1. Can we say residue 78 is of a type outside the set (S, T, N, Q), open to solvent by less than 40 Å² (accessible area, probe 1.4 Å) and at pLDDT 95 or above?
2. Looking at 59, 41, 68, which is the one that is more than 16 Å from residue 86 (Cα to Cα) and modelled with pLDDT of 95 or more?
3. Do you know which residues across region 26-62 are touching a Gly at 6+ places or on another chain (Cβ under 6 Å) and closer than 13 Å to residue 76 by Cβ?
4. Under the condition of being acidic (Asp, Glu) and surrounded by fewer than 14 Cβ atoms within 10 Å (Cβ to Cβ), which residue from region 1-47 is nearest to the chain's Cα centre (by Cα)?
5. Would you check which residues across region 21-72 are aromatic (Phe, Trp, Tyr) and more than 19 Å from residue 9 (Cβ to Cβ) and list them?
6. Return the only residue of 43, 34 being in contact with a Phe, Trp or Tyr (Cβ under 7 Å, 6 or more places away or on another chain), among the small types (Gly, Ala, Ser) and closer than 24 Å to residue 4 by Cβ.
7. Mind checking which residues of region 48-68 are open to solvent by 80 Å² or more (accessible area, probe 1.4 Å) and within 22 Å of residue 30 (Cβ to Cβ)?
Amino acid sequence: MTKVYFQVDVPTRNCAQPERCGLHVFTGAAETEADALRIAREACEAAVAARAAGFAVPRRRPDGWGARGVRSGWVFDWAGATVALWEHDRALWSFRNRGVASRDQGVASRDQGVASSR
């Protein structure tokens, strides 16, 4: 089966201030939605474990998935996660290819999770 890119959106909540909530977004290649959800969770759990042990959050896995931006004190609601085909903005890629923007300048890429407070 051909791998396609998926976006996994996972609701998050701050343990100390439950009214603070957000969404962590994972993107990467997988064969099915179920695989995408499983891989996103594995990447997230590895990042959370590394952070709890005092290590740096792992970079991208060999399969391209990663969990950048995980924060201490935030819990993930995997039961509330949604999975969809990822449709990237082609304009973003054209800017990156021309050197106008880079990940270091805040452009999200497929290996970055994006956490936000709402």
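The values are calculated or read from the model by the stated rules, or taken from the named source; none is laboratory data. It should be emphasised that the depicted structure is a prediction, and the values quoted were computed from it without experimental measurement. Quick reminder, even Gly has a Cβ in these numbers, built from the backbone with ideal geometry, and neighbours come from all protein chains shown. We work out accessible area using only protein heavy atoms, side chains counted, and drop any ligands, DNA or RNA first. Shrake-Rupley method; radii C 1.70, N 1.55, O 1.52, S 1.80 Å.
1. yes
2. Just one listed residue meets the conditions, 41.
3. Once the filter is applied, which keeps residues that are touching a Gly at 6+ places or on another chain (Cβ under 6 Å) and closer than 13 Å to residue 76 by Cβ, region 26-62 yields 26, 43.
4. 31
5. First pass over region 21-72, keeping only residues aromatic (Phe, Trp, Tyr): 26, 55, 65.
Result: 55, single match.
6. 43
7. 59, 60, 62, listed by residue number.
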